[in-house]
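No value in this document is a laboratory result; all are computed from the given coordinates. Note that the structure is predicted; figures quoted are calculated from it, not measured. Virtual Cβ from ideal backbone geometry, glycine too; neighbours counted across all protein chains shown.
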Amino acid sequence: MTERLYYQDSYLKEFKARILKRIKIGNQPAVILDRTAFYPTSGGQPFDKGVIQDTPVVEVVEEDEEIIHILREEIKEEINSQVVGRIDWERRFDHMQQHSGQHILSGTLMELWGVETVSFHLGEEVCTLDIIKEKLTEEEIKKAEECANEIIFNNRPVKCYLVKGEEELRKLNLRKVPDRKGKIRIVEVENFDLSACGGTHCRATGEVGLIKVIKWEKRGEKIRLEFICGRRAWEDYFWKNELIKIISNKLTIKDSELGEVIDRMLEERKETRKELKEFKERLQDYEARNLINESSLRDDGVKIVKKVFEEKNFQEVRELVQKIINLDDSVVVLFGFKDEGAKILFACSRGLKYDMNRLIREAGKVIEGRGGGTYNFAQAGGKKAEGIHKALDFALKNLKNFMKK
Ligand SMILES: [Zn+2]
């Protein structure tokens, strides 16, 4: 059984211990010491990092009352030798801020609405806790944050101690009854919250600094709250404040006017998009009429619009074709389109009896392409861009041979 030094003193950064066992976890070397300040992953709190004899500790796990330190590489010290362990204090203190913050927030939710915290997870970026509650409003969250931060500003002492018997345990008004038997460790926020917990905590609530709920969402019958404390909360405030500064400088407005101005901008954008759509349509209409006017008229009264595009996008070309055959009831459109390869698009007014599907299959061969469509609207794509004009000439010359059957 490893003696857990962090139970008595979560501020212990360096300690001496004896090696009890040297083992392998997978391929990684690991050691079990007689005592340790390294916290193993448990109760929602992740493990501590640090070094043992200058060798990095990559993970710490708990197994049968023993704490296993998984090392990046083998250390030379044998069993029974003394080693020095040093924990990564920045990481540890962050975990202390988050975990003590969680107790304060959970205590607040219990005090305000009698809501129990069913689980807690201290993540790399944010912490989460799950509660069972029908719904949670903006005002309720604000109220919870306000009360929780008040507890921080009070700078109340946080004490950790062991309770031996069930008798003693029953006397305490614990926020949640533990399922463990035997000795139970209690974390007490003075005159506010009593919880059974094995985690590392700040010595007073003031060290938590700040609690901020980032967001919350309903998950089945639970609500999951995302929150951050301490330095994480300051860092979050810092980048968000920077971002708002940048945006309000760009828009040359006060940050407090941001919401209003963005609403106005979105409204304007909607209007502009509507206008642009109308203009595009009118332009396309004009272009379609122009192309019909410039078409060549054949003896049988059929108009031929033949053109190769390079600058338009293909969707626009398709729309233009549709417009042309809708505007005129005796027009044949033979379009080519150059991008990385070649595309051809043949169409005719609904009243005409040509078969554009069969025609494009033949003409498509000139651009080494494939495609098809209906009798009055067909398209094909191929690799040979230099063949486009030839494909259109072929179609023009052979149009009469491709009548609808
Ligand atoms: Zn806890």
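Miscellaneous remarks
- Here the sum of -39500 (n - 2.57) over DSSP H runs of 4 or more residues, divided by the residues of the chain, equals -11500 deg cm²/dmol at 222 nm, to the nearest 500.
- Counting 0.36 nm for each residue step from VAL177 to ASP339 and taking away their Cα separation leaves a gain of 51.3 nm.
- As a proxy for reagent exposure, MET403, MET96 were ordered by neighbouring Cβ count within 10 angstrom, fewest first; the result is MET403, MET96.
- Segments 329-339, 251-261, 179-189 sorted - mean Cβ within 10 Å per residue, highest first: 329-339, 179-189, 251-261
- Within region 266-310, GluC sites (Glu not before Pro) in DSSP loop having at most 12 other beta-carbon neighbours inside 10 Å: GLU294, GLU310
- When the trypsin sites (Lys or Arg not before Pro) in region 1-57 are filtered for DSSP coil states and for at most 15 other beta-carbon atoms within 10 Å of their beta-carbon, the remaining sites are LYS13.
- Put in line by how crowded their Cβ is, counting other Cβ atoms within 10 Å and starting with the fewest, ARG289, ARG358 read ARG289, ARG358.
- Applying 1/(1 + (r/R0)^6) with r as the Cβ-Cβ distance of ILE247 and TYR7 and R0 = 30 angstrom yields a FRET efficiency of 0.05.
- Cα pair distances exceeding 14 angstrom across region 297-377, given as percent: 61
- Scanning residues 5 or more positions from VAL163 or on other chains, those with amide H under 5 Å from its amide H are ILE184, ARG185, ILE186, with H placed 1.01 Å from N in the peptide plane.
- D_trans [Stokes-Einstein, Kirkwood Rh over alpha-carbon pairs] for the chain, 37 °C, 0.692 mPa s, µm² s⁻¹: 117
- For the chain, share of DSSP beta bridges that run antiparallel, in % to the nearest 5: 90
- Cα shape, region 93-245, gyration tensor, a/c 1.5 rule: prolate
- About the centre of its Cα atoms, region 1-160 shows a dipole size close to 560 debye [charges on the beta carbon of Lys, Arg (+1) and Asp, Glu (-1) only; nearest 20 debye].
- Rounded, prolate or oblate (a/c below 1.5 giving rounded, otherwise prolate when a/b exceeds b/c) for region 356-405 by Cα gyration tensor: oblate
- Karplus-derived 3J(HN,Hα), 6.51/-1.76/1.60, for each residue of region 181-190, Hz, glycine and proline x: 9, x, 5, 10, 8, 10, 10, 10, 8, 3
- Taking CYS160, CYS229, CYS127 and counting other C-beta atoms within 10 Å, the order from fewest to most: CYS160, CYS127, CYS229
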